[in-house]
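S.K.: Next up is a structure, given as structure tokens.
What follows draws every value from the coordinates through simple rules; no lab data is involved. Bear in mind the structure is a predicted one, so any value in this text is a computation, not a measurement. In this analysis, Cβ positions are derived from the backbone assuming ideal geometry, glycine residues included, and neighbour counts consider all displayed protein chains.
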Amino acid sequence: MKNGPSSFVIGQAIHHARPLELALYLVATPIGNLGDITIRALETLAAADIIACEDTRVTRILLTRYGLDQKPVAYHEHNARQAGPKLLEALENGKSVALVSDAGTPLVSDPGHWLVEQALERDIRIIPIPGASAVLAGLVASGLPNDAFLFGGFLPTKRGQRRSRLEELRNVPATLVLFESPRRLDGSLADMVAVLGGGRRAAVGRELTKAFEEHRRGTLEKLAEFYAGVPTPKGEIVICIEPQAADRTMSPEETDRLLLSLVAEMPASKAAAEACRMTGVEKSILYRRLLELKERPQQ
């Protein structure tokens, strides 16, 4: 247990936190607006013996905002194998540890799984302190069905792998929620049009909870056209895509776009085979259509 009283400041008021029991606390932090921290999260951070975080500079901003003078220690994907055992040793010696990410809930597209896994093997209690989540913020503001959703994290950076992953997600009967880098947003949207179909409704959320928060909604095709024609956007990106109707098949125009995108990367026969796998249409039909498209005069 931490020695002495622990406190934090909200406005002009000083709040005192109660001592924590031995546990690894997974503390959600704001995804942008520092006002989105919960009182329980502040109580936990104030009373924890150790605060482990991705970037100490980022976490110090939050701690300073609420009058917390703890010195956080770094725990991230590059030092997890060195820093992790030290945190486990502290837990086994009766210390309380609060794990935070730079933004949002720890372990959601952030490091921390290994530490939780190892703590559980040692019968150390895991206590989640819920709070802000970019996944849920993007979903509820998208206007898309939210009775069932699948969080897919970040898509692969390489185009071929990204399309393969999208193909795996194509028929999931739930709204898809994905993270993306602003540098890859236009390319990813183009791949979504090719693989998922341009007619699906979607939403792109950017800079959620921050001063320049933006939500852009429309079909995948319209969103791809928009972001292909503007400078690279800034900030974190959340993409939400409606589920495909169970009886929906690709339109002829969508199939043509898929064939042309595939043949740009591989021989015609292989492109037809891949399109066959993705659409269920016979390879011979797709191959003949691809030859017709290749002979069509360029616009």
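S.K.: Using the Cα centre of the range 1-86 as the reference point, and only Cβ charges (+1 on K/R, -1 on D/E), how large is the resulting charge dipole? Debye, rounded to the nearest 20.
M.R.: The dipole of the range 1-86 has a size of about 160 debye.
S.K.: Find how much the distance from SER251 to SER284 grows on full extension, using 0.36 nm per residue of separation minus their present alpha carbon separation; answer in nm with one decimal.
M.R.: 10.1 nm
S.K.: Please work out whether the range 252-295 counts as rounded, prolate or oblate from its C-alpha gyration tensor, where a ≥ b ≥ c are the square roots of the eigenvalues and a/c under 1.5 means rounded, while otherwise a/b larger than b/c means prolate and anything else oblate?
M.R.: In terms of gyration-tensor shape, rounded.
S.K.: Report for the range 135-241 the percent antiparallel among DSSP-assigned beta bridges with both residues inside it, nearest 5.
M.R.: Roughly 75 percent of the DSSP beta bridges within the range 135-241 come out antiparallel.
S.K.: Okay, next question. Tell me which label goes with the value of P(r) over Cα pairs in 10 Å bins from 0, in percent computed from the coordinates here: [x] 6, 24, 25, 20, 14, 8, 3, 0; [y] 6, 28, 36, 23, 7, 0; [z] 6, 24, 29, 22, 15, 4, 0.
M.R.: Answer label, from the structure shown: [x].
S.K.: Picking from ARG122, ARG40, ARG206, which is most flexible by a Gaussian network model of the chain using Cα springs under 10 Å?
M.R.: Maximum fluctuation in the GNM of the chain, among the listed residues, is at ARG122.
S.K.: Taking the Cα centre of the range 168-254 as origin, work out the dipole magnitude from +1 charges on Lys and Arg Cβ and -1 charges on Asp and Glu Cβ, in debye rounded to 20.
M.R.: Here the size comes out at about 200 debye.
S.K.: Still on this structure: Can you work out the FRET efficiency for the pair LEU150 and LYS95, with r the C-beta to C-beta distance and R0 = 25 Å, to the nearest 0.05?
M.R.: It comes out at approximately 0.10.
S.K.: Further, regarding this structure: Given only helices, namely DSSP H runs of n ≥ 4 each adding -39500 (n - 2.57), what is the per-residue ellipticity at 222 nm of the chain, to the nearest 500 deg cm²/dmol?
M.R.: -12000 deg cm²/dmol
S.K.: Work out the FRET efficiency for ASN79 and ALA273 from their Cβ-Cβ distance, taking R0 = 35 Å, and round it to the nearest 0.05.
M.R.: Once rounded, the FRET efficiency stands at 0.20.
S.K.: When the dipole is taken about the Cα centre of the chain, and only Lys, Arg (+1) and Asp, Glu (-1) are charged at their Cβ, what size is it in debye, to the nearest 20?
M.R.: That gives the chain a dipole magnitude of about 440 debye.
S.K.: Compare the Cα positions of VAL108, VAL193, PHE151 along the charge dipole of the chain (+1 at Cβ of Lys, Arg; -1 at Cβ of Asp, Glu; about the Cα centre) and return the one farthest towards the positive end.
M.R.: VAL193
S.K.: Separate question: Using the basic label-point model (7 angstrom from Cα toward the beta carbon), what is the HIS16 to ARG57 distance in nanometres?
M.R.: Using points 7 Å along Cα→Cβ, the separation is 3.7 nm.
S.K.: Over the range 6-132, what portion of Cα pair distances is larger than 18 Å, expressed as a whole percent?
M.R.: 47
S.K.: What is the antiparallel percent of DSSP beta bridges lying wholly in the chain, to the nearest 5?
M.R.: 55
S.K.: May I pose another question? Could you check the spin-label model distance between THR64 and ARG296? Points 7 Å from the Cα along Cα→Cβ, value in nm.
M.R.: For THR64 paired with ARG296, the spin-label model returns 5.8 nm.
S.K.: Any chance you could count the Lys pairs in the chain whose alpha carbons are under 27 Å apart, treating pairs 8 or more apart or on different chains as valid?
M.R.: 19
S.K.: Once R0 is set to 25 Å, what does the formula 1/(1 + (r/R0)^6) return for the Cβ-Cβ distance between MET266 and ALA228, expressed as a FRET efficiency to the nearest 0.05?
M.R.: So, using R0 = 25 Å, E works out to roughly 0.65.
S.K.: Identify, among ILE285, THR29, ALA80, the residue whose Cα sits farthest towards the positive end of the charge dipole of the chain, taking +1 on the Cβ of Lys and Arg and -1 on the Cβ of Asp and Glu, with the dipole about the Cα centre.
M.R.: After comparing all options, I get ILE285.
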